[in-house]
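Presented below is the structure to which this report refers.
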Amino acid sequence: MPKNQPISGNDLARFSGPNTFMRLPQANDLGGLDVAVVGVPTDIGTSWRSGTRFGPKQVRAESAMIRPYNVQTGAAPFDTLQVADVGDMAINTFSLSDTLTIIRDSYKAIIAHDVRPMTIGGDHSITLPILRAAAEKHGPLALVHVDAHADVNEHMFGERETHGTVFRRAHEEGLINPQKTYQIGLRGTGYTADDFKEAAAWGFQQWLAADLWHRPLDTLGGEIRRDIGQETPTYVTFDIDSLDPAYAPGTGTPEIGGLTTPQALQLIRGLRGLNIVGCDLVEVSPPYDPSGNTALTGANILYELLCVFPGVAYR
Ligand code: MN
Ligand code: MN
């Protein structure tokens, strides 16, 4: 069966056509899909600047620039995978708790169809209900978490579910295997001098951004891949603020001294061979992204993640 293809910029000018990811077809049902691109337009889990509710729309708009073949790695994702954009989730913008329930139930349906979700956020709070849905099917997941922040707060203003508490909840609820949880790019100032250490004691493996400065990350991706193993169901969550604000200024909680765009590509390409059951790209805030460069970078990161999904053909 022929697979869905992005509309070529040689057939229809890039600035026209549908605002779907890479101008792929929009699908109204999940039948036959291998990967579903899902937008989750919310910013009500954020603690500082808002605006990620506009993330899915803007990341899709910038993704019109991306061509189907990865000329650097040889990946040809649309040769073998059936990929479609299933649109935005109908979240409740007046209630975070209701929104998280909607997300969990919707992803349970996606995952029940054996479709792997590729999510455009949205703030990072959306990852918790996705992990709840994925772990219900797969058991505790390996987690590759690229972020300036560990997102392991106990609560924020008494709230247990926010964009800064996600991975403490995921750990408490047994959604992730702490021995196979990898946090990459951590940095910034803390409320205590050892904000990251409790999670390290749970088993999370952490790489501070400063320890990665000036270091190529393809080897790190490979180390993580070998540590996880080929079969283990793995989720990849990529917070755009892992990148330095020079590369990705359009985000809610920027931290200086971050990863570079080339390091992000090296890291993701090193993950090829994992059993990735889903991924997300979160925290792109278009109101703080006047050039569109953050959304463009986010769109390309999602494309690179798609290129290392299971079943992708390489030429
Ligand atoms: Mn985060
Ligand atoms: Mn972050």
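Residues in the range 258-289 that are within 16 Å of ligand 1 (Cβ to nearest atom) and surrounded by fewer than 22 Cβ atoms within 10 Å (Cβ to Cβ): 288 alone.
When the range 150-190 is filtered for residues that are of a type in the set (Val, Ile, Thr), in a loop (DSSP other than H, G, I, E, B) and away from ligand 1 (no atom under 12 Å from the Cβ), only 189 remains. Considering 245, 254, the condition of being modelled with pLDDT of 95 or more, within 13 Å of ligand 1 (Cβ to nearest atom) and open to solvent by 10 Å² or more (accessible area, probe 1.4 Å) is satisfied by 254 alone. Residues considered: 60, 53, 49. Of these, the only one that is crowded, with 20+ Cβ neighbours inside 10 Å, out of contact with any Cys (no Cβ under 9 Å at 6 or more places or on another chain) and farther than 20 Å from residue 236 by Cβ is 53.
For first residues located in the range 26-46 and open to solvent by 20 Å² or more (accessible area, probe 1.4 Å), partners that are at pLDDT below 95 and lie 6+ apart or on another chain with Cβ distances below 9 Å form the pairs 32/1.
Name the one entry in 121, 139, 87 that is more than 17 Å from the chain's Cα centre (by Cα) and modelled with pLDDT of 95 or more. After ruling out the rest, the residue left standing is 139. Selection of first residues in the range 158-174 that are of a type in the set (Phe, Trp, Tyr) and of second residues that are assigned to a loop (DSSP other than H, G, I, E, B), restricted to Cβ pairs under 8 Å at least 6 apart or on distinct chains, gives the following pairs, ordered by first then second residue: 167/150; 167/151; 167/152; 167/204.
Of all residues in the range 89-109, those satisfying the criterion of being surrounded by 23 or more Cβ atoms within 10 Å (Cβ to Cβ) and within 19 Å of residue 176 (Cβ to Cβ) are 103, 107. Within the set 238, 196, the sole residue that is open to solvent by less than 10 Å² (accessible area, probe 1.4 Å), touching a residue at least 12 places away in the same chain (Cβ under 8 Å) and closer than 23 Å to residue 141 by Cβ turns out to be 238.
The values are calculated or read from the model by the stated rules, or taken from the named source; none is laboratory data. Predicted, not measured: the structure shown is a model, and the values here were computed from it. No Cβ is skipped: glycine too gets one built from the backbone with ideal geometry, and neighbour counts run over all protein chains shown. Accessible surface areas use protein heavy atoms only, side chains included; no ligands, DNA or RNA. Shrake-Rupley method; radii C 1.70, N 1.55, O 1.52, S 1.80 Å.
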